[in-house]
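One structure is given here, and the rest of the page talks about it.
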Amino acid sequence: MAQQMTALDDATLLKEAIRFNARQGLEASFGSDVAILTVLLPTIREQILDRIITAFIENLEAICPGATYHAGDSFRTSSGQFFKFSLAPNIRCPEELTVTLYPMYNTRTNVKDVRRKLRTNYGGYTHIVIVCSDGVKPNYDLLQLIAECVISITHEWTYSRLYTISRGVNETITVRLYGRIKEIHPDLDIFNNLWMGFVYKGRCHYLIDPHRREPLLSKMSQVSREIGTEPLALASELIGMDLPFEKSATHEAF
């Protein structure tokens with residue numbers, strides 16, 4: 001029982017360390033609102049892949065016991081063989097994230113594919129596929145954990161910053177309006193699916209209260225997997241919605 005608890009504690013600490021390092025990397029690279037809107041969002045998928053690779057390198061010895069990082073995308077195993085790693089979406093199945101470990105100088109032999117479902121509600125990826133050949137035996141659980149942690153923290157952090165950017169403009173009125181509706185209709189079944197907005201000088205904008213942030217991102221992730229679009233792009237469009245009133249859903253509602 002004590003050994004089991006220790007293993008759980010170690011896994012929790014490792015998970016938090018991966019998330020912490022990924023968050024630090026985001027804060028260092030995209031500390032300003034301008035950087036988030038003009039650099040991070042347009043390249044969000046590439047950023048996620050880069051940060052998974054960074055976490056891979058940081059935890060290389062735990063992933064492949066005895067391995068040492070060499071340079072670029074290569075590492076040396078405990079037996080002295082040089083391997084390379086790559087990370088990319090599956091062209092045929094964009095929702096799959098493929099990690100490949102292959103020898104630099106030897107022929108690939110006994111290639112093995114391991115497919116795992118990602119335990120995260122965020123992002124456009126649903127599975128991770130780990131491909132490796134003889135000479136390396138990676139920790140599949142850890143590779144999966146790294147992908148899950150980086151994907152989740154990238155979306156959580158970015159969406160939180162996007163919300164902060166827009167919050168200063170409408171937070172007070174948003175909280176008061178949604179709160180007032182809840183007071184008038186406390187048992188309203190459709191409350192969580194009710195979205196309010198306002199029209200100013202012929203432009204329509206949405207109001208998003210703090211309690212809707214997580215459900216919104218989760219729904220955006222579900223939709224994105226069906227249409228092949230990054231969920232943060234959909235969420236940011238909704239948060240920053242600035243449409244001519246006559247082209248908005250609000251106009252149709254009126």
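Evaluated with a Cβ-only charge set (Lys, Arg +1; Asp, Glu -1), segment 76-165 carries a dipole of roughly 180 debye about its Cα centre, given to the nearest 20.
Using a simple spin-label model with pseudo-atoms 7 Å out from Cα toward Cβ, Val199 and His127 lie 4.7 nm apart.
Suppose R0 equals 45 Å; then what is the FRET efficiency for Ser79 and Val39 from their Cβ-Cβ distance, rounded to the nearest 0.05? FRET efficiency, Ser79 to Val39: 0.65. Per residue, the solvent-accessible area of segment 1-153 (1.4 Å probe, heavy atoms of protein chains only, all protein chains present) comes to 54 Å². Summing Lys and Arg as +1 and Asp and Glu as -1 over all other residues whose Cβ lies under 13 Å from the Cβ of Ile36 gives a net charge of -1. Taking the DSSP beta bridges with both ends in segment 46-151, the antiparallel portion is around 75 percent. Pairs with C-alpha atoms separated by more than 20 Å, drawn from the list Lys84/Lys137; Lys182/Lys247; Lys84/Lys112, are Lys182/Lys247.
The values are calculated or read from the model by the stated rules, or taken from the named source; none is laboratory data. Computed from a predicted structure; not experimentally measured. As a convention, Cβ positions derive from the backbone with ideal geometry for all residues, glycine included, and neighbour counts pool all protein chains shown. Ligands, DNA and RNA are stripped out before the accessible areas are found, and what is left, the full protein with its side chains, is counted by its heavy atoms. Shrake-Rupley method; radii C 1.70, N 1.55, O 1.52, S 1.80 Å.
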